[in-house]
Every structure is written in structure tokens, then in C-alpha cells.
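Have a look at the structure below, then the notes.
The values are calculated or read from the model by the stated rules, or taken from the named source; none is laboratory data. What you see is a predicted model, and the numbers here were worked out from it, not measured in a lab. Cβ placement follows ideal geometry from the backbone for every residue including glycine, while neighbour counts extend to all protein chains displayed. Heavy atoms of the whole protein, side chains included, go into the accessibility calculation; ligands, DNA and RNA do not. Shrake-Rupley method; radii C 1.70, N 1.55, O 1.52, S 1.80 Å.
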Amino acid sequence: MQEMSCDKKMTHEDYMKEALKEAKKAYLKNETPIGAVAVFEDKIIARAHNLRETKQDSTMHAELQVIQKACKKLGIWRLEDVSIYVTLEPCVMCAGAMIQARVKNVFYGAKNDRFGAHQGAIHLFDVSFNHQVNIKGGILEEECSSLISSFFKELRLKS
């Protein structure tokens, strides 16, 4: 796994660009193009992209994989100082995992009106659990949304 470290401090947009690189890997595998990176102490410690079709496993979302990799890298399950950047608003399953893992921040690109757990179908991040995740959407929203739209448009043309 390649870690990202630079002399200059990376911005939210820089980290989202890295998540987009992961999403593009998924696209090339005919997976829904969603990518994620986990950041700890200003360094990317984990990267992942959707692998549901490849693995034939409905839990192989980018967010779940990046949480697992971050836990392994840090040797802990509490990701209290970790931020996750993901190209699409997390679904309920991924939001639940982020809350359970005590992720500090989640930054996402495109909204997910059908399955999103922040502004979409349900507002799970607003529920008063014992841990609150800071969440913000709209980072490189146009690029993230465009990649997903292109993927589904291409998929429809094939069928």
C-alpha cells in the first residue's frame, strides 16, 4: 500500500482526489465506482474501492474495506483520530460501521438520494449514539457524481 506524504499539508480536495483514484480502479473492474481512503495524522493509511461484483459479496463496499484496513494498520478498532474520504455518501451499512468504529470525520463527494445515510434516504448520522461522526458532503461533488453517472450510463447502453 502506498502512503501519501508531502511537505505541504494536503487539503480535503487532495484526499478526495485519492479516493477518486480508487473509484476509477473500481470502474475498470466493472464495479460501481466508489473509492475511499482513511487518513490518520495527515497521512493516507488505507485505500479501497468497491469489490461487490468481483467478490460476489454484498459487504465489499469501499468504506467497509477501508475501515478494516485502517484497523489492521493501526492495530486498534477505535478509529477516533481517523478521517475517511469516500466518493459517495455512505449507505446505512457503511454509516453504521463508521459509527461503531468511532471514526472521527467522514467527508464524501456525491449525494446518494436513494441509499444515503446522511442527506439521502435516512439521516443516520443525526441519531444520538454514544459516538457522533463529523460528516460533510460535497467535496469534489461534480467529479464524483460524474464518474458514477458515466458508469451507469455505460451500463445501460450495454444491456
Of the conditions (1) of a type in the set (Ser, Thr, Tyr); (2) farther than 23 Å from MET93 by Cβ; (3) touching a helix residue (DSSP H, G or I) at 6+ places or on another chain (Cβ under 9 Å), the single one that THR59 does not satisfy is (2)
- request: With respect to ILE34, determine if the residue is surrounded by fewer than 24 Cβ atoms within 10 Å (Cβ to Cβ) and among the aliphatic types (A, V, I, L, M).
  value: no
Residue pairs within 7 Å by beta carbon, gap of at least six or interchain, first lying in region 60-81 and within 18 Å of GLU22 (Cα to Cα) and without any contact (Cβ under 8 Å) to a residue 40 or more places away in the chain, second of a type in the set (Gly, Ala, Ser) and in a loop (DSSP other than H, G, I, E, B), listed first then second, are ILE67/ALA101
Scanning region 82-94 residue by residue, those surrounded by fewer than 24 Cβ atoms within 10 Å (Cβ to Cβ) and either among the aliphatic types (A, V, I, L, M) or in contact (Cβ under 8 Å) with a residue 60 or more places away in the chain (or both) turn out to be SER83, VAL92, MET93
Query raised in the report: Any residue at all in region 48-55 that is under 13 Å from ILE84 (Cα atoms) and surrounded by 15 or more Cβ atoms within 10 Å (Cβ to Cβ)?
Result: yes
By residue number, the members of region 95-111 that are touching a Gly at 6+ places or on another chain (Cβ under 8 Å), closer than 18 Å to ILE67 by Cβ and surrounded by fewer than 21 Cβ atoms within 10 Å (Cβ to Cβ) are none
Looking across region 117-147 at residues that are part of a helix (DSSP H, G or I) and at pLDDT below 95, the single one that is least open to solvent (accessible area, probe 1.4 Å) is PHE125
Worksheet item: Do we find that THR32 is hydroxyl-bearing (Ser, Thr, Tyr), touching a residue at least 60 places away in the same chain (Cβ under 8 Å) and more than 20 Å from LYS136 (Cα to Cα) in this structure?
Response: yes
Pairs returned, first residue in region 146-159 that is free of Cβ contacts under 8 Å to residues at least 12 places away in the same chain, second residue that is surrounded by 13 or more Cβ atoms within 10 Å (Cβ to Cβ) and of a type outside the set (Phe, Trp, Tyr), beta-carbon separation under 8 angstrom, 6 or more apart or interchain, are none
Taking the criterion of being open to solvent by 30 Å² or more (accessible area, probe 1.4 Å) and not hydrophobic (A, V, I, L, M, F, W, C), would at least one residue in region 62-71 satisfy it? yes
